[in-house]
Amino acid sequence: MKKTKNALVILAGGTGERFKKKLPKQFNEINGTNLIDFFLNRIDTTNFDIILVVIKKSYLRFFKNLKTNFPLKKLIYAEAGKNRQTSSLNALKKLKKYKPKNVLIHDAARPFCSNKLTLKILKRLDKNLSAVPYILSPDRKVISKKEFNQNIKLIQTPQGFDFNTIFKSHVNTKINNAKDDSVLISKEKLNFIKGEKLNIKITYPEDLNYFKLFLKPIFKSGIGYDIHQVDTNTKKGLKLCGVKIDFNKLIGHSDADVGIHAICDSIFGALSMKDIGYYFSNKDPKWKNKNSEHFLKFAKIKLQEKKYFITNLDINFICEKPNINKYRKKMISKISSILKIPEKIISIKATTNEKIGFIGDGLGIAAESIVQITNEKPY
Ligand code: ZN
């Protein structure tokens, strides 16, 4: 077996009693990620030869669904023990056959540890048996006069160790409920390294707000365009953005609402879906004379399913007549009520074609739409 140099252990066996949620905090999905996924994508995993996640058997599905580029063959798990210390020992026992030189033991509840800190710890292990990150607390806990000027050291993870040193310490210790691994090794082998203030531990439900601060929202946009021919034989029946207008109707398989069709296509585009014709074919009798609001409601459901929210919707009509401005407010209110989005993020504009071409001749009405969506609820 090839000699394994660096191993990483992620302790994710906790049940999160202080979290008061059914699902342990490390598995809570926020904006498509969770604490473990986030950490694994934050650090350069190529610095590790093997990664071991300690997990309760009942949550094994979360291990199998981890979103990481790390080779799956080298991503293994160990079963969680009755407390942190036994979980950690279970991990070390499983890693022993891989003969790692160093091991970093990390709590899943500290997802914000930077890649820089993991590198610093690994480097420190070149010449030391351990590298334990700490930060100084600005607050001082005064017990005695002597301690008055001593800042408290707050210990963090990942803690780096020479594998054999920490393994032996675990096996030989008399301690049975250690809160971290560094307390198990003898003082002379302890080597401290400056940690990071941002490497906080997610302990209480409100701490997940920090997690949200770290996550950058995803923004996507989509474009849609549609055009329909004006039925010059009629005088009424036009419908734009769901609003009935006393004007020649448009020719189409459905109700030919170019406005809504363009909006649908822009939403489908932002969601990386296919065009409106794919979902509502103009050859399918089911959609004959269909109210286009139905298509827009479908687009709204797709947004919900993919957990996206509209941040801005800009619609532009191109026609000589009718005067769109007269119906602007009604259209905005209609679209807002179908999509359940605030009116203030909808814009409806119009331009003529300067009497050029078939639109200029009043033979067609076109509409274009640009939408921006985000995965973080904006309203
Ligand atoms: Zn259309």
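Here are the numbers for the structure shown:
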quantity	calculated
Those strands (runs of 3 or more DSSP E) lying entirely in the stretch 1-107 with at least 3 residues touching a Gly at 6+ places or on another chain (Cβ under 9 Å) and within 18 Å of L125 (Cα to Cα)	102-107
Where a residue in the stretch 280-306 is more than 11 Å from I338 (Cα to Cα) and part of a loop (DSSP other than H, G, I, E, B) and its partner, wherever it lies, is of a type outside the set (D, E) and away from the ligand (no atom under 16 Å from the Cβ), with Cβ under 7 Å and at least six apart	K306/L271
Residue within the stretch 124-135 that is more than 31 Å from the chain's Cα centre (by Cα) and basic (K, R) present	yes
Residue within the stretch 212-225 that is within 30 Å of I260 (Cα to Cα), in a loop (DSSP other than H, G, I, E, B) and under 33 Å from the mean Cα position of the chain (by Cα) present	yes
Evaluation of K174 against (1) modelled with pLDDT of 90 or more; (2) away from the ligand (no atom under 16 Å from the Cβ); (3) surrounded by fewer than 16 Cβ atoms within 10 Å (Cβ to Cβ); (4) outside any loop (DSSP other than H, G, I, E, B) (one fails), failing number	(4)
Checking K236 against (1) within 14 Å of the ligand (Cβ to nearest atom); (2) modelled with pLDDT under 95, the condition it does not meet	(1)
Selected residue (only one of K189, K201, K244 is away from the ligand (no atom under 16 Å from the Cβ) and assigned by TED's automatic domain parsing to the domain that holds C319)	K244
Long-range neighbours under 7 Å by Cβ, at least six apart or interchain, first residue outside the structural domain of C264 (by TED's automatic domain parsing) and without any contact (Cβ under 8 Å) to a residue 24 or more places away in the chain within the stretch 207-231, second of a type outside the set (F, W, Y) and not in a strand (DSSP E or B)	none
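Per-residue answers, yes or no, for (1) touching a residue at least 12 places away in the same chain (Cβ under 8 Å); (2) in contact with a helix residue (DSSP H, G or I) (Cβ under 8 Å, 6 or more places away or on another chain); (3) closer than 27 Å to H170 by Cα:
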| position | (1), (2), (3) |
| --- | --- |
| I10 | yes, yes, yes |
| E29 | no, no, no |
| F63 | yes, no, yes |
| L66 | yes, yes, no |
| I76 | yes, yes, yes |
| N83 | yes, no, yes |
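Residues are listed down the side, and each one gets a yes or a no for (1) modelled with pLDDT of 95 or more; (2) under 17 Å from I335 (Cα atoms); (3) within 11 Å of the ligand (Cβ to nearest atom); (4) surrounded by fewer than 13 Cβ atoms within 10 Å (Cβ to Cβ):
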position: P217; (1), (2), (3), (4): no, no, no, no
position: K249; (1), (2), (3), (4): yes, no, no, no
position: M273; (1), (2), (3), (4): yes, no, no, no
position: S292; (1), (2), (3), (4): yes, yes, yes, no
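The values are calculated or read from the model by the stated rules, or taken from the named source; none is laboratory data. Just so we're clear, the structure is a prediction, and the values are computed from it rather than from any experiment. Here the Cβ is made from the backbone with ideal geometry for all residues, glycine too, and neighbour counts use every protein chain on show.
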